[in-house]
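First up is the structure itself, then whatever we jot down about it.
The values are calculated or read from the model by the stated rules, or taken from the named source; none is laboratory data. From a predicted model like this one, the values you see are computed outputs, not experimental measurements. Methodologically, a virtual Cβ is constructed for each residue, glycine included, from the backbone with ideal geometry; neighbour enumeration extends over all protein chains shown.
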Amino acid sequence: MRSNRKLIFWALSLAVVFVAVDTPGQGLAPLPKAESTSPDAIIELGKTLFFDGRLSGDATTSCATCHDPGKAFTDGLPLSAGYPGTKYFRNTPTLINASEQNYFYWDGRMSGDDLPSLVRDHIAEAHFMQADGRLVIERLRQIPEYEAGFKKVMGGEPSYGKILNAVAAYVSSLRSGTAPLDRYLDGDKSALTEAAQRGLELFQGKADCIRCHHGPFLTDDKIHVTGVPQNEDVFGDPERHITFRRFMRTIGIGDCATLRIDIGHGCVTKQKSDTAAFRTPSLREVSRTAPYMHNGQLKTLEEVVDFYNAGGGVTDAKSRSMKSLKLTVDEKSDLVEFLMGLVSDPVDVTPPKLPPYELRELGQF
């Protein structure tokens, strides 16, 4: 009995890490100065790898295939296309500010302090890039420019760990710049339009967005149930449904054949209260990352505001903070105006020229 009590206490303690607590927000803060922990040469190597399809099984699918710099490092689709021959069942989130997250993935199943493991997950997963790490290493070793580059900037020949760390270094460098909100918070009252200033007041007051979207990255980085309606394409498209069922079965969820709801964080905790709970995304660059929510069900910021104004969707275990906001038409317009201004200058990315394979003479390996 005593051991069972210890087990229950441990499980409850673990759950506290993941379950969102409906507490007031902590206010807004300007974006902190970006400080890279990786040398520029490693970031540059990681950038080249980010665009190189040879990290995938079919040698054509790169990280940039789904995380397009021209679309704020998303793909602009409601649901990700996934690896050729499969389709994914969730929306592609932006990679901008990804290194600042507490959790990775919409369902929060991976710690945000291990970006190299996230890269590995994407390279290896069948519905992402479907590549055997050993094959990826051998491919890169047939490319003299990579061989020399790894030795120069990472101290040795290509290895799986070095590949993951280089790509992670590049992703970590993808940060928002100064937005109008930052200038406003620093004292430039002309940085926001009058409508956006009214929207900011609503954001912090009547609309209570700040409860879950606070701090410099405008997120509490917790897990909430908001009642987003299901995207029926997940279950109506056989390729997406197969991927969905495979994922759920792999992560230990039973009755995958009949399941018709994305259980979100519930797949991590296996708790009914976490069914359809998903991570709060940052609102930085939000006007460039449509469509919205974990399944792309809301196409515009106007739809997002309408959704929250109605108190979210219909579901049993909705977060306690979800309630009707009773915003007027003009107030909703002002709030959208504020959200539209949460952008900085786009990350300027020129796709690198990828180094070619070359014949290697015996003894050069």
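Observations on the model:
- For the residues H265, H241, H214, the requirement of being at pLDDT 95 or above, under 19 Å from G313 (Cα atoms) and buried (at least 17 other Cβ atoms within 10 Å of the Cβ) singles out H265.
- Count of residues meeting criterion [buried (at least 17 other Cβ atoms within 10 Å of the Cβ) and charged (D, E, K, R)] in the stretch 268-322: 6
- Which numbered condition G82 fails, given (1) part of a loop (DSSP other than H, G, I, E, B); (2) at pLDDT 95 or above; (3) surrounded by 20 or more Cβ atoms within 10 Å (Cβ to Cβ): (2)
- Of all residues in the stretch 257-272, those satisfying the criterion of being more than 17 Å from the chain's Cα centre (by Cα) and of a type in the set (G, A, S) are A257, G266.
- Of all the numbered requirements in (1) assigned to a loop (DSSP other than H, G, I, E, B); (2) more than 26 Å from the chain's Cα centre (by Cα), R198 misses one, and that requirement is (1).
- Hits in the stretch 168-192 - residues which are under 28 Å from P69 (Cα atoms) and either in contact with a Phe, Trp or Tyr (Cβ under 6 Å, 6 or more places away or on another chain) or not in a helix (DSSP H, G or I) (or both): Y170, S173, L174, R175, S176, G177, T178, A179, A191, L192
- Residues (exposed (fewer than 13 other Cβ atoms within 10 Å of the Cβ) and either in the same structural domain as A72 (by TED's automatic domain parsing) or polar (S, T, N, Q) (or both)) located in the stretch 331-351: T350
- Among residues that are closer than 30 Å to K47 by Cβ and either surrounded by fewer than 18 Cβ atoms within 10 Å (Cβ to Cβ) or touching a strand residue (DSSP E or B) at 6+ places or on another chain (Cβ under 7 Å) (or both), G205 is not included.
- Residue-level analysis places T60 outside the set of residues that are part of a loop (DSSP other than H, G, I, E, B), in contact (Cβ under 8 Å) with a residue 40 or more places away in the chain and more than 21 Å from A277 (Cβ to Cβ).
- Unique residue being farther than 25 Å from D262 by Cβ and either in contact (Cβ under 8 Å) with a residue 60 or more places away in the chain or not assigned by TED's automatic domain parsing to the domain that holds G149 (or both) when the list is L354, L301: L354
- Here L77 qualifies as assigned to a loop (DSSP other than H, G, I, E, B), over 11 Å from the mean Cα position of the chain (by Cα) and within 30 Å of T226 (Cβ to Cβ).
- Against the numbered list (1) farther than 30 Å from E239 by Cα; (2) touching a residue at least 40 places away in the same chain (Cβ under 8 Å); (3) of a type outside the set (A, V, I, L, M), E157 comes up short only at (2).
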